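Asks: Below is the structure I would like to discuss, written out as structure tokens.
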Amino acid sequence: MRTVLSGLLVLLAFSACKKEEPASGPAPGEAAEQAGGAPAAGEVDDGPYTVTKEKLDAYVGYQRRMLEVYGSLLKGLQGLGALVDAGTPEAMASAREGLKVVEAKAKAEAEARQQAGLTENDVNGIAEVVTAVISQRQLGRTLQYEEELKKLEALQAKLPPEQQKGLEPQVANMRRQVESFEKLADVRRDYGDANVDVVLTREDDLMKNYQEMLRVFTGTRR
């Protein structure tokens, strides 16, 4: 159950997955996003969201504020899962408490967006690009292709010429993998060079937030 709940939170993290529809109208700062169906700042009718340096800086702050919320959210949902799984009489009451936890998250997100000067469209658009870039970078680090390439090249250099040629296809393939992770060719194709380059200006901070998010969701210690 813990794994399932952690996975749910990962999907919810750092983005507003469902458009909120408050009865009293749009939240402050989001009226322009909805008025007349006009796109909000950073949004275009066609193509990916345009990430600006200012919006990205605000998003990094938004991430940090939301990380403070996720620990208590996970704890509340874990308690709910234990009671429901056990089939206890308190299951319905626990479900209501679980809904309160989710509502608290939505409220915290709205407050964090307002403080950061971001709309839901901003958060969702930036999150999509950031996730594509940072997850690719993290995967490259995890697989350690660059280190493996160096080892493979060192091995190749020690072999006789004929054996070196036999190893060349494997070396070339590994080089393509390294280049893919380093240059982010697929991500650039999907989201554009400008978006990727802006996100990379805050790569260290975004990677730190990403790793902290994983720590919170998996319950691991620093």
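Asks: Could you say whether any residue in region 155-169 is touching a helix residue (DSSP H, G or I) at 6+ places or on another chain (Cβ under 6 Å), outside any helix (DSSP H, G or I) and at pLDDT 90 or above?
Replies: no
Results for (1) in contact with a Gly (Cβ under 7 Å, 6 or more places away or on another chain); (2) farther than 16 Å from R64 by Cβ; (3) among the charged types (D, E, K, R), shown as yes or no for each residue.
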site: A112; (1), (2), (3): no, no, no
site: T142; (1), (2), (3): no, yes, no
site: L159; (1), (2), (3): no, yes, no
site: D204; (1), (2), (3): no, no, yes
site: Y210; (1), (2), (3): no, no, no
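Asks: Tell me, yes or no, whether region 171-183 has at least one residue that is surrounded by 12 or more Cβ atoms within 10 Å (Cβ to Cβ), of a type outside the set (S, T, N, Q) and under 18 Å from the mean Cα position of the chain (by Cα).
Replies: Among the residues of region 171-183, at least one is surrounded by 12 or more Cβ atoms within 10 Å (Cβ to Cβ), of a type outside the set (S, T, N, Q) and under 18 Å from the mean Cα position of the chain (by Cα), which makes the answer yes.
Asks: Looking at (1) open to solvent by less than 40 Å² (accessible area, probe 1.4 Å); (2) at pLDDT below 90; (3) farther than 30 Å from G47 by Cβ, find the lone condition where M213 falls short.
Replies: Exception for M213: condition (3).
Asks: Any chance you could count how many residues in region 190-200 are part of a helix (DSSP H, G or I) and open to solvent by less than 70 Å² (accessible area, probe 1.4 Å)?
Replies: Of the residues in region 190-200, 6 are part of a helix (DSSP H, G or I) and open to solvent by less than 70 Å² (accessible area, probe 1.4 Å).
Asks: Spot the failing condition for E68; the list is (1) at pLDDT 70 or above; (2) open to solvent by less than 60 Å² (accessible area, probe 1.4 Å), and only one is missed.
Replies: Answer for E68: the failing condition is (2).
For (1) surrounded by fewer than 17 Cβ atoms within 10 Å (Cβ to Cβ); (2) among the acidic types (D, E); (3) at pLDDT 65 or above; (4) in contact with a helix residue (DSSP H, G or I) (Cβ under 8 Å, 6 or more places away or on another chain), each residue gets a yes or a no:
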| position | (1), (2), (3), (4) |
| --- | --- |
| G47 | yes, no, yes, no |
| L83 | no, no, no, yes |
| V133 | no, no, yes, yes |
| E147 | yes, yes, yes, no |
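Asks: Next up: Could you pull out the residue among V178, V187 that is modelled with pLDDT under 90 and either assigned to a helix (DSSP H, G or I) or among the small types (G, A, S) (or both)?
Replies: After applying the criteria, what remains is V178.
Asks: Test G76 against the criterion of being part of a helix (DSSP H, G or I), touching a helix residue (DSSP H, G or I) at 6+ places or on another chain (Cβ under 9 Å) and either modelled with pLDDT of 80 or more or open to solvent by 30 Å² or more (accessible area, probe 1.4 Å) (or both), and give yes or no. Break it down stepwise before answering.
Replies: Values: part of a helix (DSSP H, G or I): yes; touching a helix residue (DSSP H, G or I) at 6+ places or on another chain (Cβ under 9 Å): yes; either modelled with pLDDT of 80 or more or open to solvent by 30 Å² or more (accessible area, probe 1.4 Å) (or both): no.
No; evaluated as a whole, the condition is false for this residue.
The values are calculated or read from the model by the stated rules, or taken from the named source; none is laboratory data. All figures in this text were calculated on a predicted structure; none of them were measured in a lab. Positions of Cβ are generated from backbone atoms using ideal geometry, with glycine treated the same way; all protein chains shown enter the neighbour counts. For accessibility, only protein heavy atoms count, side chains too; no ligands or nucleic acids. Shrake-Rupley method; radii C 1.70, N 1.55, O 1.52, S 1.80 Å.
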